[in-house]
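Before any comments, here is the structure.
The values are calculated or read from the model by the stated rules, or taken from the named source; none is laboratory data. This one's a predicted model, so the numbers in the text were calculated from it and none came from an experiment. Using ideal geometry, Cβ is built from the backbone for each residue, glycine included, and neighbour counts are taken over all protein chains shown. Protein only, heavy atoms only, side chains kept; ligands, DNA and RNA dropped before computing areas. Shrake-Rupley method; radii C 1.70, N 1.55, O 1.52, S 1.80 Å.
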Amino acid sequence: MGQYQAPDYYLLDELIGDEYRLIRDSVRQWVNRELLPVIEEYAQRAEFPHQLLPGMAQLGLFGPTIPEEYGGAGLDYLAYGIMMQELERGDSGIRSTASVQGSLVMYPIYAFGSEEQKRHYLPKLAGGELIGCFGLTEPDHGSNPAGMLARFKDDGDYVVLNGAKMWISNAPFADIAVVWAKNPEGKVQGLIVERGMEGFSTPETHNKWSLRASATGELVFDNVRVPKTHILPGVTGMRGPLSCLNQARYGIAWGALGAAMDCYDTALRYAKERKQFGKPIASFQLQQKKLAEMITEITKGQLLVWRLATLKNDNRATPAQISMAKRNSVATALHVAHEARQILGGMGITGEYSIMRHMMNLESVVTYEGTHDIHLLITGMDITGISAFGG
Ligand code: FAD
């Protein structure tokens with residue numbers, strides 16, 4: 001069917017500079033060369049393609065906005081967004097690994113870690129020498145993480161950590177986990193827990209029909225003695241994990257549109273080639289309606305995240321604005337994927353094309369990092385000043 005043509009209906013390319021286009025092209029080429037040829041096979045087998053990690057590190061996909069002195073790429077938020085969009089055009093699961101590593105592991109260490117923690121962990125995480133995971137969600141506390149039960153008590157130079165985290169991306173193979181737990185005063189704090197600490201295990205979660213090329217697991221803490229030097233000293237309370245989510249949600253707002261763009265592009269090219277009743281199916285009004293609505297929604301989403309990047313670079317993007325963009329991009333992507341799948345008819349359900357994999361992946365993306373409903377409530381609270389979360 002030919003090469004991917006990134007949809008750019010409103011000529012947004014003109015608004016981004018040459019250096020960003022270079023970054024985009026290098027990620028795009030890597031996705032074409034390294035990721036696309038193998039991803040379907042790994043997703044079918046429900047296996048994480050570990051061999052992609054060094055290439056991702058080399059491209060600066062781990063912690064793009066972390067300053068170079070700590071091993072990061074030292075880029076701004078527009079570059080970060082563009083990179084996530086290209087990566088998720090390939091697969092949401094692989095983008096999840098980059099989001100977790102950069103926004104949920106490196107960011108909290110950078111923002112709240114001691115100088116020693118930053119120097120010790122960040123360069124190794126940026127280089128892919130260490131892979132991290134982020135433990136916030138628990139079996140009984142998903143949308144309401146503040147209710148978490150994981151806690152630690154004091155023990156001289158150590159703390160003793162107990163509890164369990166669930167649905168943790170990268171957990172089965174991560175070398176370190178940034179874990180959020182309550183201190184003896186009941187306040188949330190972040191700790192860096194390392195694989196190999198006694199009483200720490202990471203059982204894998206199987207039977208997922210979504211994000212199959214991303215490894216998900218639990219984090220179980222059974223009286224794990226963690227040195228006090230592993231506590232992130234710079235933050236106490238839910239501001240810690242929520243500020244990480246803000247970073248990751250921003251990347252998802254860009255990323256999910258990448259999946260949508262790939263589905264649209266595939267469906268458009270297929271519709272122009274596939275003939276029924278003696279004509280390309282793209283000539284039928286019903287198919288044109290689908291395609292026209294898809295590109296309209298994608299274009300609106302692209303403009304939203306482009307503006308959000310400017311606000312984020314100016315340090316003016318509010319958490320509620322990021323919520324709106326995350327929710328809108330993922331809903332757009334899911335809708336586009338559903339419509340695109342239908343345009344491909346029977347072929348749409350096969351692994352010959354990326355659409356069904358994107359669609360299944362997006363069922364996780366719409367739930368993690370704040371569900372579709374929760375982001376709506378965040379917008380509702382922001383505009384009315386009234387919380388409708390209950391509790
Ligand atoms: P629940 O909170 O039980 O929600 C169930 C339903 O109730 C949802 O539709 C929700 O919108 C709705 N609901 C909840 N509260 C309200 C309300 N007040 N008003 C109206 N409706 C409401 N977590 C991590 O910490 N680290 C990770 O790396 C990570 N990776 C993940 C990877 C995958 C593949 C998945 C599926 C999840 C991952 N998560 C991770 C967890 C994810 O963030 C949670 O699944 C999510 O926050 C929702 O929590 P829950 O599944 O417990 O659903």
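Could you pull out which residues in region 204-242 have an amide N less than 12 Å from a spot 7 Å beyond the Cα of E185, following the Cα-Cβ vector?
Flagged as within label range: 235-237.
So how much accessible area does K300 have, in Å² to the nearest 10, using a 1.4 Å probe?
110
Would you please classify the overall shape of region 1-130 from the alpha carbon gyration tensor, given that a ≥ b ≥ c denote the square roots of the eigenvalues, rounded means a/c under 1.5, and beyond that prolate means a/b larger than b/c while oblate covers the rest?
Oblate.
Quick one: pull the percent of accessible area on region 13-126 belonging to carbon and sulfur, 1.4 Å probe, ligands and nucleic acids left out.
48
Got a number for carbon plus sulfur as a percent of region 239-384's accessible area, 1.4 Å probe?
Of the solvent-accessible surface of region 239-384, carbon and sulfur hold 57 percent.
In region 318-340, which residues have a backbone nitrogen under 15 Å from the label point lying 7 Å from T379's Cα in the Cα-to-Cβ direction?
Of the residues in region 318-340, 318-335 have backbone N under 15 Å from the label point off T379.
Taking the full set of protein chains and a 1.4 angstrom probe, give the accessible area of H206 in square angstrom, rounded to the nearest 10.
130
List every residue whose amide H lies under 5 Å from the amide H of S169, counting only residues 5 or more places away in sequence or on a different chain, with H placed 1.01 Å from N in the peptide plane.
Correct list: F134, G217.
Taking a cut-off of 17 Å between Cα atoms, list the lysines near K312, but don't count ones fewer than 8 places away on the same chain.
K326
Quote the accessible area belonging to D18 in square angstrom, nearest 10, computed with a 1.4 Å probe and with ligands, DNA and RNA left uncounted.
100
What's the extension gain from E204 to N32 if we count 0.36 nm per residue and subtract their Cα-Cα distance?
Gain on extension, E204 to N32, equals 59.0 nm.
List, in order, the whole-Hz ³J(HN,Hα) value for each residue of region 282-298 obtained from phi through the Karplus relation with A = 6.51, B = -1.76, C = 1.60 and θ = phi - 60°; use x for Gly and Pro.
5, 8, 8, 4, 4, 6, 5, 4, 4, 5, 5, 5, 4, 5, 5, 5, 4
Apply the Karplus curve 6.51 cos²θ - 1.76 cosθ + 1.60, θ = phi - 60°, to the phi angles in region 85-92 and return the couplings in whole Hz, x for Gly and Pro.
Rounded to whole hertz, the list is 5, 5, 5, 6, 4, x, 6, 5.
To the nearest 500 deg cm²/dmol, what mean residue ellipticity at 222 nm is calculated for the chain from DSSP H runs of n ≥ 4 alone, each contributing -39,500 (n - 2.57), summed and divided by the residues?
-15500 deg cm²/dmol
What residues qualify as long-range amide H neighbours of G351, i.e. H under 5 Å apart, gap of 5 or more or another chain, H built at 1.01 Å from N?
none
How big is the chain by Rg and Dmax over its Cα atoms, in Å?
Here Rg and the maximum Cα pair distance are 21.0, 79 Å.
Hey, got the dipole for region 33-94? About the Cα centre, +1 on K and R Cβ, -1 on D and E Cβ, debye to the nearest 20?
80
Just to make sure I understand: if all protein chains stay in place, what is the order of I378, I176 by accessible area at 1.4 Å, largest first?
Heavy-atom accessible area, descending, gives I378, I176.
Size of the dipole of region 132-230 about the Cα centre, Lys and Arg at +1 and Asp and Glu at -1 on the beta carbon, nothing else charged, in debye to 20?
240
For D175, put the label point 7 Å out on the Cα→Cβ axis and report which residues of region 192-209 keep their amide N under 13 Å from it.
194-196
If you put +1 on each Lys and Arg Cβ and -1 on each Asp and Glu Cβ, how big is the dipole of region 13-126 around its Cα centre, in Debye rounded to 20?
Computed charge dipole of region 13-126: roughly 300 debye.
Tell me, what is the FRET efficiency for K272 and T371 to the nearest 0.05, using R0 = 41 angstrom and their Cβ-Cβ distance as r?
Step by step, r from the Cβ atoms, then E = 0.65.
Using a 7 Å offset from the Cα along the Cα-to-Cβ direction at both N144 and Q288, what is the distance between the two label points in nm, to one decimal?
5.2
For I131, which sequence-distant residues (separation of 5 or more, or a different chain) have an amide H within less than 5 Å of its own amide H, given hydrogens modelled in the peptide plane?
Answer set, sorted by chain and number: D175, I176.
Per residue, how much accessible area does region 13-126 show when a 1.4 Å probe rolls over the protein heavy atoms, in square angstrom?
Per-residue accessible area for region 13-126 comes out at 38 Å².
Just name one of G237, M1, H50: the one whose Cα is farthest towards the positive end of the charge dipole of the chain (beta-carbon charges, Lys/Arg +1, Asp/Glu -1).
Working it through, the farthest residue towards the positive pole turns out to be M1.
With the other protein chains left in place, how much accessible area per residue, in square angstrom, belongs to region 239-384 at a 1.4 angstrom probe?
Solvent-accessible surface per residue comes out at 43 Å².
As an exercise, identify the GluC sites (Glu not before Pro) in region 72-177 lying in DSSP coil whose Cβ has no more than 16 other Cβ atoms within 10 Å.
Counting only loop positions with at most 16 other Cβ atoms within 10 Å, the GluC sites (Glu not before Pro) in region 72-177 are E129.
Can you tell which of S214, V193, F152 lies farthest toward the positive end of the dipole of region 132-230, using +1 and -1 charges on the Cβ of basic and acidic side chains (Lys, Arg; Asp, Glu)?
Of the listed residues, the answer is S214.
What is the angle, in °, between the Cα long axis of helix 372-384 and the longest principal axis of the Cα atoms in the chain? Nearest 10 is fine, range 0 to 90.
Orientation of helix 372-384: about 80 degrees from the principal axis.
Report, in degrees rounded to the nearest 10, the 0 to 90 angle that the Cα long axis of helix 239-273 makes with the longest principal axis of the chain.
So the helix axis and the longest Cα principal axis differ by about 20 degrees.
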